[in-house]
1. How do 70-82, 176-188 rank on mean C-beta neighbours within 10 Å, highest first?
2. Would you please classify the overall shape of the range 113-227 from the alpha carbon gyration tensor, given that a ≥ b ≥ c denote the square roots of the eigenvalues, rounded means a/c under 1.5, and beyond that prolate means a/b larger than b/c while oblate covers the rest?
3. With axes computed from alpha carbons, what is the tilt in degrees of helix 2-32 against the longest principal axis of the chain, rounded to the nearest 10 within 0 to 90?
4. Taking the range 195-239 as the region of interest, what is the percent of Cα-Cα pairs per 10 angstrom bin, listed from the shortest bin to the one with the maximum distance?
5. Within 10 Å, count the other beta carbons around each residue, average over each peptide in 134-147, 300-313, and list them highest first.
6. Which value at 222 nm does the chain reach when only helices count, each DSSP H run of 4 or more adding -39,500 (n - 2.57), with the total divided by all residues and rounded to the nearest 500 deg cm²/dmol?
7. Any chance you could list P(r) for the chain, counting all Cα-Cα pairs in 20 angstrom bins from zero, rounded to whole %?
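What follows is calculated from the coordinates using simple rules that are stated; it is not laboratory data. The shown structure was predicted, so the numbers you read here are calculated from the model rather than taken from an experiment. No Cβ is skipped: glycine too gets one built from the backbone with ideal geometry, and neighbour counts run over all protein chains shown.
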Amino acid sequence: MKAIQTIKTITLNLLVLTFIFSSCTNNKEEIDLVLPTISEIEIGLHNNEIGVIGEDFHFNAEVLAGDLLENVTINIVQKSDIEYSEEWTYEIIFTERITDLKNATLHRHFDIPADAPKGMYDIVITVNDQNGTSLEEVRNIDLIDANDFPEVTPWVSVFSVDKINEDNPSGGWNNFYNNGEFRNEEEAFFNKDESIWSSFQIGDVKGNGIMYGLLIKKSYNHLPENIEEIDFSKVIVTEVVEHFDEEEIFILKNNKDTGHWNYGVPLQIGATEDNLTPTANAIIDGRAWETGTYYYGVVYTNLSYNRSTFKYIEFDIIME
């Protein structure tokens, strides 16, 4: 009996050790899995989030795998709070020139099916990784007939950032970022007391509209796509530009109220107030400057035609 009891004890101990080892192994696998990422998303021509039924549609994104890319899927699905003439959904799966790669630029064109009902939809972008993880991003897309194409289709035609540093031998400033590229990836950061000086241009606008330049701590995960979504308790405003009663299509530039040939108002890193008008906000509490990664972007909404556009980049700010 004692021998049998000893065998039972050994067996039980082995089972416990196996369970512990298995649990540790599973936990390690979960910890080691890295999610894919997606950035630089463009929905429609000039990123205007419009798709013309029966015609070519532009999509662009930068995708990065945690391990290796499997595929990227796009699903256009109807919103739950909108009525449509009929039920409809659409899926497309991209594998060509991305499967088995670590990262890829996904620049694709495809036709919006001719049977799609008009209306505002969710466009769901899913990046699938070979390690079993996936990342989902949801944006808006307005499916319209060609005859309904809006006259006002705002888009970010220029997004350029300069760095003002009085100690810079080039004369106090240098080009930091210009339309998709950092001048020097190794120096893609701002130090305390340097100033951000930007050139923004929004194309194809008229009527009434407003544009904001925004600095936002990445930790807030706050990326407003129109001015109604801006939470001013989480953003530092670098500039505000408005236009009123414009009768002809034109390009809105952020030098509109500065008199400079192409640039808006500088904002010094470490300033006590931002450039929000008509009343500046004190940069205190949760918005206080700190070392870390920030989003920097431009957000524009045309109030007359209810059309918006936006663009963000990210870089580090060093306050030491």
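1. Details: 70-82: 15.6, 176-188: 12.8.
Ranking the peptides 70-82, 176-188 by packing returns 70-82, 176-188.
2. Numbers: a/c = 2.74, a/b = 1.55, b/c = 1.77.
It comes out oblate by the Cα gyration axes.
3. 20
4. Over the range 195-239, the share of Cα pairs per 10 Å bin runs 21, 51, 26, 2 percent.
5. Details: 134-147: 15.1, 300-313: 19.9.
Per-residue Cβ counts within 10 Å, averaged per peptide and sorted highest first, yield 300-313, 134-147.
6. Details: 1 runs with 31 residues, N = 320.
That comes out to -3500 deg cm²/dmol.
7. Going out from 0 Å in 20 Å bins, the chain shows 26, 49, 18, 6, 1 percent.
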